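No lab work stands behind these numbers, since they all come straight from the coordinates. Given the structure is predicted, the values throughout are model-derived calculations rather than measurements. Note that we place each Cβ from the backbone using ideal geometry, even for glycine, and neighbour counts take in every protein chain shown.
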Amino acid sequence: MIPGLWGVVAYVGGPWWLWARRGGLRRGARRLSDEESAVLRAYFAREVLDAARLAVVERVENPWVFRVLRRCGVRVPVDLTGVWGMCFGDVVAVTSRAMDERGLSTVFHELVHTVQMRRVGVGAFCRAYVRDYVMYGYMGIAFEEEAFALQARFERGEVFEVG
């Protein structure tokens, strides 16, 4: 169970916000290019890559509930506008800066989260992600530990299947 207010936010609003934001991003997102797919197919199942959409954004937006909470005097422990990318199910939002500086590495990392969401479900993913963040901090989030470990292997040129 996630303690306090963030538990309520994660259990009630997390999956809803994620899918609502996914819908908005999907309209402007694109399929992976042939070149991107050629590199990533060594790591991801075809159905993951076929369903994936990439939204290159200037920044990831915070959930609207963060503004409401701040106005109510609640300290919001994270600001998403500084992240390189974020997974919204089969839509991954990656900043243009990340694409310029890191190439497919950030896309790879976010696609790992796509696979994780498929594996456990969106609701369970959101709840576990926020629980781990509240209890252990960002680098203690089990889903991030897995994604960063696989991203490091990807960057070293190892070939393996994410599943």
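Evaluate the following for Val159: is it out of contact with any strand residue (DSSP E or B) (no Cβ under 7 Å at 6 or more places or on another chain) and under 18 Å from Gly23 (Cα atoms)? When the stated conditions are applied, Val159 does not pass them. Screening Val120, Val91, Val78, Val115 for residues that are surrounded by fewer than 16 Cβ atoms within 10 Å (Cβ to Cβ), within 19 Å of Ala52 (Cβ to Cβ) and of a type in the set (A, V, I, L, M, F, W, C) leaves exactly one candidate, Val120.
Residue-by-condition table, conditions (1) part of a strand (DSSP E or B); (2) under 30 Å from Arg156 (Cβ atoms):
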position	(1), (2)
Gly73	no, no
Cys87	yes, yes
Ala93	yes, yes
Val107	no, yes
Tyr129	no, yes
